[in-house]
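The values are calculated or read from the model by the stated rules, or taken from the named source; none is laboratory data. Please read these numbers as outputs of a predicted model, since none were measured by experiment. As a convention, Cβ positions derive from the backbone with ideal geometry for all residues, glycine included, and neighbour counts pool all protein chains shown. When the accessible area is computed, the model is the full protein with side chains, heavy atoms only, and any ligands, DNA or RNA have been set aside. Shrake-Rupley method; radii C 1.70, N 1.55, O 1.52, S 1.80 Å.
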Protein chains: 2
Amino acid sequence: MLRMSKLTDYGTVIMAYMARRPRDVHSVAELAAVLGMAAPTTSKILKRLARHELVQSSRGAKGGYRLARPPEAISLADVIDAMEGPFGLTECSAVAGLCLQEAGCPLRDNWQRVNQVIRRTLDGVTLAEMSRPALRPAAQGAVAAPQT
Amino acid sequence: MLRMSKLTDYGTVIMAYMARRPRDVHSVAELAAVLGMAAPTTSKILKRLARHELVQSSRGAKGGYRLARPPEAISLADVIDAMEGPFGLTECSAVAGLCLQEAGCPLRDNWQRVNQVIRRTLDGVTLAEMSRPALRPAAQGAVAAPQT
DNA sequence: ACATATAGGACCGAGGGGGTCCGATATCGT
DNA sequence: ACGATATCGGACCCCCTCGGTCCTATATGT
């Protein structure tokens, strides 16, 4: 359930890999080879990430992609937002007046809250943490207590 | 992003509606009419929910569906699990050894943790809460601090 | 200049989601 | 006992999006 698309998954893999050498420029060929994915697909993902300014592209020889920001400043939510549309667990919570015509759907507000909790969770996990072998206790705390 | 299927959304709407009269038997026709969805679709959803024992079905005249458990004992995660496959944000975190061949993908463990946090969130919200106009502060606390 | 690399888009096949319909079966009411 | 009412279980279908490929234009380094 709640599965995100495979491209998004790949996106996080690519980003996490690049996060290990934040200043380096990586070509599509390199990333595809190292991460074991098809080059065109890799390219497609990078393009999307670039359009949302999560990576910077440089064209021409010796060109490639580089993280636009330090890994600590890029969250899972950033990557997911870039790869898939904007946030929203339910269709109903995005488009009003669909499910219950006049009953004033009480679900909507509740879904919004749930959404926000999940979003905060995803927002609290950075690429720096994801690229490390395991979420440290401190980071885990940040994940488990996203409340303001 | 992370959008769950429309059928799942409808499923929560149906369940939340039934939660307001937990002991009543509701026919497909009634639910479809009140909630404004097509009858066959409503039926399909109920069947799925019944197969996962979230609702009880009674056939024949005056038959219909009824919650299998009190609304306080049914969580959003239950409904989502019944409607969509079992949990899992990523493909990679379900099937091992896909993304990084030998690097021992550090993402996997981290994704697992994130998954668990989200699951606990969804687990902490009951139908009783969802059917009420808004998540009360107490429930909200339960949502925001799902950590053990 | 030439090789290298990304940008941007067209294109396409497969799969699953959303939705409909039908025959079988079980129960209530008369 | 008979008929009306409902769910059950499955088959069936359309269509859209995802995952993936390829081609041309453009920009950069040697």
Check your understanding: Any chance region B:26-39 includes a residue that's within 12 Å of DNA strand C (Cβ to nearest atom) and open to solvent by 60 Å² or more (accessible area, probe 1.4 Å)?
Key -> no
Check your understanding: Out of all the residues in region A:47-63, which are buried (at least 20 other Cβ atoms within 10 Å of the Cβ) and touching a strand residue (DSSP E or B) at 6+ places or on another chain (Cβ under 7 Å)?
Key -> A:49, A:55
Review point. Within region B:21-76, how many residues are within 17 Å of residue B:8 (Cα to Cα) and not hydroxyl-bearing (Ser, Thr, Tyr)?
Key: 24
Point to revise | Selection count, region B:1-25, where residues are at the interface with chain A (Cβ under 8 Å from one of its Cβ atoms), within 13 Å of DNA strand C (Cβ to nearest atom) and in contact (Cβ under 8 Å) with a residue 60 or more places away in the chain | key: 3
Practice item. Could you run through region B:69-109 and say how many residues are surrounded by fewer than 16 Cβ atoms within 10 Å (Cβ to Cβ), at pLDDT 90 or above and among the aliphatic types (A, V, I, L, M)? Key: 1
Review point. Among all residue pairs at least 6 apart or on different chains, which show Cβ distances below 8 Å where the first residue, located in region A:36-52, is within 14 Å of chain B (Cβ to nearest Cβ) and the second is aliphatic (A, V, I, L, M) and within 6 Å of DNA strand C (Cβ to nearest atom)?
Key: A:42/A:28
